[in-house]
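The values are calculated or read from the model by the stated rules, or taken from the named source; none is laboratory data. Just so we're clear, the structure is a prediction, and the values are computed from it rather than from any experiment. Heads up, the Cβs are rebuilt from the backbone with ideal geometry, glycines too, and the neighbour counts pull from every protein chain shown. Ligands, DNA and RNA are stripped out before the accessible areas are found, and what is left, the full protein with its side chains, is counted by its heavy atoms. Shrake-Rupley method; radii C 1.70, N 1.55, O 1.52, S 1.80 Å.
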Amino acid sequence: MKKYFVFLAFSFLLVSFFTVQAQTKSEFKTPLEFFGFQPGSEGNLYTYNQLIDYLKLLEKDSPRLKMEQIGESPEGQPMYILFISSEENIQNLEKYKAMNKELMLNPNLNSEEQTKLIENAKVFFLATLSMHSSEVGPSQAASLIAYDYASTNDPELLSYFENVVYMMVPNHNPDGMNMVVKNYKKYKGTKYEGATLPGLYHKYVGHDNNRDFITLSQTDTKAISSITSTTWFPQVMVEKHQMGSRGPRYFVPPNHDPIAENIDPGLWNWIGLFGTNMIKDLTGAGLKGVSQGYAFDNYWPGSTETCLWKNVMSFLTEAASVADATSIYIEPNELTVSGKGLAEYEKSANMPDPWMGGWWKLSDIIDLELVSTKSIIKTASFHKKEILSYTNNLCKKEVMLGASQAPYYYILPAEQHDQGQLVAFVNLMLEHGIQIEKLAEQVIINQTVFPKGSVVVPLSQPFRAFVKEVMENQEFPVRHYSKDGPMIKPYDITSWSLPLHMGLKSFEINDKVADLSNKLVSITEPIVVDDKLADADYVILSVNQNKSFALAFELMSEGQTVYRLTNDFETYKQGSFVVKLNAKNKQLIQNNLQENAVFAEFSNAKIDGLKKLANPKIGFIETWNHDMDAGWTRYVLDSHHIPFQLIRPDKLKTLDLSAFDVLVFPSSSKDILLEGKRKGSSGDYNPSRLPPEYAKGMGKEGLKRVMEFVNNGGNLVTWGSSVDLFMGVMKINNGKEEEDFSLPISNIANKLKKKGLYVAGSLATIKVMHNHPLTYGLENTANVFFRGNPVFQTSQPGFDIDRRVVASFPKDDICPSGYMENEELLAKLPAAVWIQKGKGQMVFYSFSPQFRSSTSGVYKFLFNALLLD
């Protein structure tokens, strides 16, 4: 097999349709000369830093290229856009940038002004590459694309760049690219060549970096989002991905149903045009297996293509993968498709020229990237005036719709349960480029009083579609494969409403309000919370604020004594944090108040019922199997200054657990936690794609030790799939004898599924027990992100065990946003359960308390669980 790969490397021929000019010697260093191998050749990958060094070299030598830093990755790698166009366009980028902004955001251009801009402006086309770092092809093609465009003398291609500025983000996830390349090289030449990277290919979120474009939690997400939201305003955008190996070779738009209902029909038409031209050009270049209208729907924001809701013609492509840079051989009988758009792997309208198997190589992926990129540039050039005209006309249309049809505004009252969440919301919307205002005086609308300072989000603005999408409650657009046939199930989640996810009160205003615009003041800068220390004995941090927890944990880490209220004090609720002020700690606390953006109060009154907090020693369990929920949880902990020690499951067999106060088990497969592998449908464990040193679990011995930790006084927090680890009969050694027991909780999700329960990643309303240590700072009802599994049922406890239901589903109106079928099956069932076993406590959540860092309205379920004593 290896000999054959060597033969393939020597016989490798990369067909670049760009290079009509290849007969003439280029003055630029080629990728082969720079890297020492041809990108796409067998067994070879370059790192992010090598790619950037090469692009900087080309930029220095070519007047057609310019690099600009746009931000940093979570690990501190600089991120860039590479602009490629004609020399004249590159020299005038700032001028064209200003034109982009006018066309995208100015609804008041008259006909003459619009015509002049359309004549003089350029189409800016943004491509972001390989955000999912195991999808190496697009970034490995980047050097070839840049070289071809820098060195070309092809008059056809050069004519395209008179009309188009190509904006390449060479890699969307620099940290992950370096991780994957390092892992591939580590095992290259061994039996594990092409093995999956252990852990996440990102500091925190792994594959879920393509789910962060509403919340904007990660620095790399922020950098990419700013391009379409606040800085360059390109008209066209593509995100370059890879997919599984056994289906079509390539996917181009249009997407499969369902599609988002707040998007202008013209955007779907333009996306379809780009896709049609791509499949024509790809097939014309002899590349087989190109599909469209297959697998990938486009109804939900959160991916890079969220800029579609900001009037950008945005779409994705997906190439069939190889094992990083190692070729794979696919037998014809192994080729398969799913039911979305392709029911059989045969010639069809959605795949007119199937690929029929054989060797599939990284160079094949690169060929697809080269051809599809040129196709997009060509389409943008041919339709320059139409694209620019449509962009500004859509801006005008959205502004007009917001002024002429409901809803007209969303208003968030100035006083919120968690005041810091309102600040976070305003700052997030500004980061999204949204026009946002506040009331200069009290207003009464439909008998509701909105005080001065209430936040107003008008719909009459260019990004109206985005505003409506993220402010309204979601109702999934149900579509079927045929009349009365099965429903087309969602590709991902079905709820993303910012007010609901953040725990904010928001009112949709569906009536025109006379003179409201005259009572509004624009908010143009992020809100900064800068409370000054008063001359007082105590600083009090309301338990209602997430940021109070962050400050409390940070102060404890810095050696300060922090207390919690054991009873209500004046207007402050049980569980609020109190710090005694003195001459030594005032400046420290002032600095931390500003850093954490906490609204603080001060008191000279004597405060009784204070309980001193100890910073808990947290053991955090994360598998090596691309554990995204764990990564998101680590992000939330880090961003709230909560220290922890990361523990891999197999270490639980030997680690001294008595060193910890609490163990945290984020959602992960029971099988992977126990054995490091997943079970197949036969019940046997499937071989892992990880190297064997990483495909390990805790085993029965590790689980036994975990439960002995609890029995001896330790605490444990678990949610999602991980809860199954603790269902059924378990064993511990209690110091005297071996003890068998079962916890008084079971997961009945599979039983309910058979009865028809279906939950497509939705928000669920739960009723919250008042004044329980797990619910301090929460309101009486909360909205949590729920996937329909687990679903709890409690039972009578055995010896030395107790339980309490601290949150449960209501009888009615369980799903405020998203999609559920037969939700009544959840009525009155537990959603959060506290269990005592021996001297220890266990907390079970049927929901994720931090889902993708998007449900900040219920973070307190997590924070309080860590502080149980």
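For ARG787, work out the one condition from (1) open to solvent by 20 Å² or more (accessible area, probe 1.4 Å); (2) over 22 Å from the mean Cα position of the chain (by Cα) it doesn't fulfil.
Here ARG787 clears every test but (2).
Out of the residues in the stretch 159-214 that are of a type in the set (Lys, Arg) and without any contact (Cβ under 8 Å) to a residue 12 or more places away in the chain, state the one that is least open to solvent (accessible area, probe 1.4 Å).
Kept after step one, since they are of a type in the set (Lys, Arg), are these residues of the stretch 159-214: 182, 185-186, 188, 191, 203, 211.
Right, trim to without any contact (Cβ under 8 Å) to a residue 12 or more places away in the chain and you get 186, 191.
Numbers: LYS186: 118, LYS191: 169 Å².
Restricting to residues being of a type in the set (Lys, Arg) and without any contact (Cβ under 8 Å) to a residue 12 or more places away in the chain, the top hit is LYS186.
Restricting to the stretch 284-313, and then to whatever is outside any loop (DSSP other than H, G, I, E, B) and of a type in the set (Gly, Ala, Ser), can you tell me which residue is least open to solvent (accessible area, probe 1.4 Å)?
First, pick out the residues of the stretch 284-313 that are outside any loop (DSSP other than H, G, I, E, B): 284, 290-291, 298, 304-310, 313.
So of that shortlist, the ones also of a type in the set (Gly, Ala, Ser) come out as 284, 291.
Numbers: GLY284: 70, SER291: 0 Å².
Ranking the candidates gives SER291 first.
Can you spot a residue in the stretch 622-635 that is of a type in the set (S, T, N, Q), at pLDDT below 95 and open to solvent by 10 Å² or more (accessible area, probe 1.4 Å)? Give the derivation first.
Of the residues in the stretch 622-635, the ones of a type in the set (S, T, N, Q) are 623, 625, 633.
Subset that is at pLDDT below 95: none.
The answer is no; no qualifying residue exists.
Quick check on my filter: what residues within the stretch 248-262 are open to solvent by less than 10 Å² (accessible area, probe 1.4 Å) and out of contact with any Phe, Trp or Tyr (no Cβ under 7 Å at 6 or more places or on another chain)?
Step one: list which residues in the stretch 248-262 are open to solvent by less than 10 Å² (accessible area, probe 1.4 Å), which gives 248-253, 258, 260.
Across the stretch 248-262, the qualifying residues are TYR250, VAL252.
List pairs: first residue in the stretch 355-371 and in contact (Cβ under 8 Å) with a residue 40 or more places away in the chain and part of a helix (DSSP H, G or I), second residue polar (S, T, N, Q) and surrounded by 24 or more Cβ atoms within 10 Å (Cβ to Cβ) anywhere in the structure, Cβ distance under 7 angstrom, at least six positions apart or on different chains.
Cβ pairs passing all conditions: LEU362/GLN140; ILE366/GLN140.
Give just the number: which of (1) under 30 Å from LEU778 (Cβ atoms); (2) in contact with a helix residue (DSSP H, G or I) (Cβ under 9 Å, 6 or more places away or on another chain); (3) open to solvent by less than 40 Å² (accessible area, probe 1.4 Å) does GLY402 not satisfy?
If we test GLY402 against (1) under 30 Å from LEU778 (Cβ atoms); (2) in contact with a helix residue (DSSP H, G or I) (Cβ under 9 Å, 6 or more places away or on another chain); (3) open to solvent by less than 40 Å² (accessible area, probe 1.4 Å), just (1) comes out false.
I'm trying to understand the selection: among the residues of the stretch 796-826, which are outside any strand (DSSP E or B), open to solvent by 20 Å² or more (accessible area, probe 1.4 Å) and either over 19 Å from THR765 (Cα atoms) or in contact with a strand residue (DSSP E or B) (Cβ under 9 Å, 6 or more places away or on another chain) (or both)? Outline the logic, then answer.
Within the stretch 796-826, the first condition is being outside any strand (DSSP E or B), and the residues that meet it are 796-800, 809-816, 819, 822-826.
Retained after the next criterion (residues that are open to solvent by 20 Å² or more (accessible area, probe 1.4 Å)): 796-800, 811-813, 815-816, 819, 822-825.
Matches in the stretch 796-826: GLN796, PRO797, GLY798, PHE799, ASP800, ASP813, CYS815, PRO816, TYR819, ASN822, GLU823.
Which of the residues that make up the stretch 580-597 are assigned to a loop (DSSP other than H, G, I, E, B) and either of a type in the set (A, V, I, L, M) or open to solvent by less than 10 Å² (accessible area, probe 1.4 Å) (or both)? Reasoning before the result, please.
Kept after step one, since they are assigned to a loop (DSSP other than H, G, I, E, B), are these residues of the stretch 580-597: 581-585, 597.
LEU581, ALA583, ASN585, ALA597 - these are the residues of the stretch 580-597 that are assigned to a loop (DSSP other than H, G, I, E, B) and either of a type in the set (A, V, I, L, M) or open to solvent by less than 10 Å² (accessible area, probe 1.4 Å) (or both).
Residues that are buried (at least 19 other Cβ atoms within 10 Å of the Cβ) and among the β-branched types (Val, Ile, Thr): find the strands (runs of 3 or more DSSP E) completely inside the stretch 496-579 holding 2 or more of those.
Working: elements: 507-509, 520-523, 538-541, 563-565.
Here the list reads 538-541.
For the subset of the stretch 405-431 comprising residues that are part of a helix (DSSP H, G or I) and β-branched (Val, Ile, Thr), which member is most open to solvent (accessible area, probe 1.4 Å)?
So the first thing to find is which residues in the stretch 405-431 are part of a helix (DSSP H, G or I), and the list is 419-431.
Next cut, β-branched (Val, Ile, Thr) only: 423, 426.
Numbers: VAL423: 18, VAL426: 1 Å².
Per the criteria, the residue is VAL423.
Within the stretch 679-701, is there a residue that is open to solvent by less than 40 Å² (accessible area, probe 1.4 Å) and under 30 Å from ASN615 (Cβ atoms)?
yes
Considering only the stretch 654-678, state which residues are open to solvent by less than 60 Å² (accessible area, probe 1.4 Å), on the phi < 0 side of the Ramachandran plot and among the small types (Gly, Ala, Ser). Give the derivation first.
Within the stretch 654-678, the subset open to solvent by less than 60 Å² (accessible area, probe 1.4 Å) is 655, 657, 659-660, 662-669, 671-674, 676.
From what's left, on the phi < 0 side of the Ramachandran plot: 655, 657, 659-660, 662-669, 671-674.
Selection gives ALA659, SER667, SER668, SER669.
Residues in the stretch 745-766: is at least one buried (at least 22 other Cβ atoms within 10 Å of the Cβ), part of a loop (DSSP other than H, G, I, E, B) and not hydroxyl-bearing (Ser, Thr, Tyr)?
no
Quick one: how many residues across the stretch 449-500 are among the aliphatic types (A, V, I, L, M), touching a residue at least 24 places away in the same chain (Cβ under 8 Å) and over 15 Å from TYR758 (Cβ atoms)? Working first, answer last.
Going residue by residue through the stretch 449-500, those that are among the aliphatic types (A, V, I, L, M) are 449, 455-457, 459, 465, 467, 470-471, 478, 487-488, 493, 498, 500.
Restricting the remaining residues to those that are touching a residue at least 24 places away in the same chain (Cβ under 8 Å) gives 455-457, 459, 465, 467, 470-471, 478, 488, 493, 498, 500.
Okay, now just the ones that are also over 15 Å from TYR758 (Cβ atoms), so 455-457, 459, 465, 467, 470-471, 498, 500.
Residues meeting the conditions: 10.
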